Amino acid sequence: MSVGTAVMPAASTPEGIFLFIPQLADLVWGTVCFVIIAVVLIKYALPRFNAVLDERTRRIEEGLALADKAKGDQKDAELKAARLVEDARHEAARIRENAQAEAKAILAEAREAASGEAARAMEAAERQIRADKQAAQISLRADVGLLASDLAERIIGAQLTDTELSSSVIDRFLDELEQAPADAVATSAERGRG
C-alpha cells in the first residue's frame, strides 16, 4: 500500500446479524428526532386534523339530519297535499250539494211565485168575468125590460105612462125569468115567436 492513501480499520464494519442492529448513537438521535417530530405533530398537526375530521363529521351529521328532515317534510307535504285534495273534494261535493239545494229552492220559489201569479191572474179574470156578467145582466135587464114594456104596451094596447108601475112590472117579469129554468125560458121564447 502506498503511504498516501488512508484506509479505515476493518473493526468498525458490522457483519452478520449485527448488520441489522443500529448503533447506539443512531438509536439515541433517531429517538430524539422521533420524539420531537411526534410532539410537534401531536401538539400542532393532530388538533387541526381532529378539527377537520370533527367539522367533516358535523357536516355529514347535519347533512344526514337535513336529509331525514327533508324526508319527513316530504312525507308531511305529501300528507298535507293528500289532505288538501281530500278537502277540495269534500268542498266541491258540498258546493255541488248547496248548488243543487239552491236550485231546488229557486225552482220551488219560482213555482210558488208562478202559482201565486196564476192565482192572482185567475182572481183578476174572475173579477173581470163577474163584472162583465154583472154588466151583461144589467144591460140584458134593461134590454129585456124595454122589450117587456113594449110587449106589454102592445098586448094592452095602451102606453104605460106610470113609470113606477112600468118598472115594477118589468122587475117582476125579469125575476120570473131568472127563476125559471133555462129550458123553460127557451121554450117560452120559442112560443112567443110563434
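The values are calculated or read from the model by the stated rules, or taken from the named source; none is laboratory data. Small disclaimer: the values here were computed from a predicted structure and weren't measured. Virtual Cβ from ideal backbone geometry, glycine too; neighbours counted across all protein chains shown. SASA here: full protein model, heavy atoms, side chains in, ligands and nucleic acids out. Shrake-Rupley method; radii C 1.70, N 1.55, O 1.52, S 1.80 Å.
Structure above, values below:
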| quantity | calculated |
| --- | --- |
| Residues of the range 138-164 satisfying the condition of being at pLDDT below 70 and under 11 Å from residue 174 (Cβ atoms) | none |
| Tally, over the range 22-73, of residues that are outside any helix (DSSP H, G or I) and open to solvent by 100 Å² or more (accessible area, probe 1.4 Å) | 1 |
